[in-house]
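A.B. asks: Structure incoming, see below.
The values are calculated or read from the model by the stated rules, or taken from the named source; none is laboratory data. Note that the coordinates shown come from a computational prediction; the quantities given were computed from them, not determined experimentally. Don't worry about glycine lacking a Cβ; one is built from the backbone with ideal geometry, like all the others, and counts go over all protein chains shown. Please note that ligands, DNA and RNA were not included when accessible areas were found on the heavy atoms of the full protein model with its side chains. Shrake-Rupley method; radii C 1.70, N 1.55, O 1.52, S 1.80 Å.
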Amino acid sequence: LERLAQSCCVLLRENGKSADVAVVSAMPKEAFEGVKNPRDVRATELVYPNENTLGMLRDAGVGLLNCDDDVATKDALARATCVIFAEETPKRLRLRVEETMARVDKGEAPRLRRVVLLSRIGVERRDVDPWKYMNRKTFRGGAPLDDAWAAEEAIRTRAAKNVNAGGKADGFTFTIVRTGELRGNGPTSVVYGDYALTLVDNAFDVRMQDIDVEKGDTFGNDFTKRLSAAGFANRMLTTSRYDVLNAAFSIVSTGPVPRERRMGYDVAKGKSPPPISDREIDEQLAPDDGEVER
């Protein structure tokens, strides 16, 4: 299951600013299905590889939805006021966005007010290297930046065209959060201490605790921590700033942090640094000298 989506759900559920809202995670049917035991070919009972992750989400108070269930999806979308798209694969991201926007076109999301899309750094520069090389048709399922851009466009073309002072709009508004290559383990490691998670991601979670944020499509071929991307995406829903509406930001992780900030953590054993805070995100969004805060 996508660790980025898990991070969004768990952090949103834990955030006091969203304590009174229902958080639902929409997953493909494969997330709930059993498979043959790969360690015992003679076993007749199925195993459920996502059982711990689903349990973790339930324990966090997150509702679970099979997004291949048309009736359940239609019911959830009818009640939804905000949607976060947090697929890690651009091709799947495009598919989910286009499916959801088709439902929006049919009037199945009457209460929708905010959409946050986790996209990719490089989408506006995909005709120049190194992004052009990374966007080739033989790379990761074929032209991933084209798919990410198509997902962005599907939202932009349907979003509110007029956003007035105070954030009043003539439709739903959006924020696009462009990340680098995703790293880090997400909330599963925090709750269950999954020893199968990679040492690279374990180290990244501990060493790269801070972020840099800029408007538009900036930064190079950098990395972004999953929990930081999720925290930033969630803040786009809870902030009162209206200059984040119908805007795009790039976010990358920075570090390594000083040794004293790394001491005592072992992600593989469930001891992770705290996620990026709303205060730290707000500081990144604060206007530079000469700009006017809105």
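A.B. asks: Of all residues in the stretch 51-78, which are of a type in the set (S, T, N, Q) and more than 30 Å from Val104 (Cα to Cα)?
C.D. replies: Result: Asn52, single match.
A.B. asks: Oh, and also: Output yes when any residue across the stretch 41-62 is of a type in the set (Gly, Ala, Ser) and either surrounded by 18 or more Cβ atoms within 10 Å (Cβ to Cβ) or under 29 Å from Glu152 (Cα atoms) (or both), and no when none is.
C.D. replies: yes
A.B. asks: Looking at the stretch 122-140, is at least one residue under 19 Å from Leu237 (Cα atoms) and small (Gly, Ala, Ser)?
C.D. replies: The answer is no; no qualifying residue exists.
A.B. asks: Please go through the stretch 120-146 and pick out each residue that is assigned to a loop (DSSP other than H, G, I, E, B), crowded, with 19+ Cβ neighbours inside 10 Å and of a type in the set (Val, Ile, Thr).
C.D. replies: The answer is Ile121, and nothing else.
A.B. asks: Okay, next question. With assigned to a loop (DSSP other than H, G, I, E, B) and under 19 Å from the mean Cα position of the chain (by Cα) as the only criterion, which of Glu108, Glu98, Glu152, Glu87 stands out?
C.D. replies: Only one candidate qualifies: Glu87.
A.B. asks: Output the qualifying pairs, or none if there are none: Cβ atoms under 7 angstrom, residues six or more apart or on different chains, first residue in the stretch 44-59 and closer than 23 Å to Val23 by Cβ, second residue modelled with pLDDT under 85 and open to solvent by 20 Å² or more (accessible area, probe 1.4 Å).
C.D. replies: As it stands, the answer is Asn50/Leu1; Asn52/Tyr192; Thr53/Leu1; Met56/Val191; Met56/Tyr192, since those pairs meet every condition given.
A.B. asks: For residues that are farther than 18 Å from Ala60 by Cβ, of a type in the set (Gly, Ala, Ser) and at pLDDT below 90, tally how many sit in the stretch 180-219.
C.D. replies: Going through the stretch 180-219 one residue at a time, the tally reaches 2.
A.B. asks: Another question about this same structure. Among the listed residues Val21, Val83, identify the single one that is open to solvent by less than 30 Å² (accessible area, probe 1.4 Å), within 30 Å of Arg279 (Cα to Cα) and of a type in the set (A, V, I, L, M).
C.D. replies: The unique qualifying residue is Val83.
A.B. asks: Does Lys17 count as at pLDDT below 85, more than 20 Å from Asn185 (Cβ to Cβ) and not β-branched (Val, Ile, Thr)?
C.D. replies: Judged against the criteria, Lys17 is a match.
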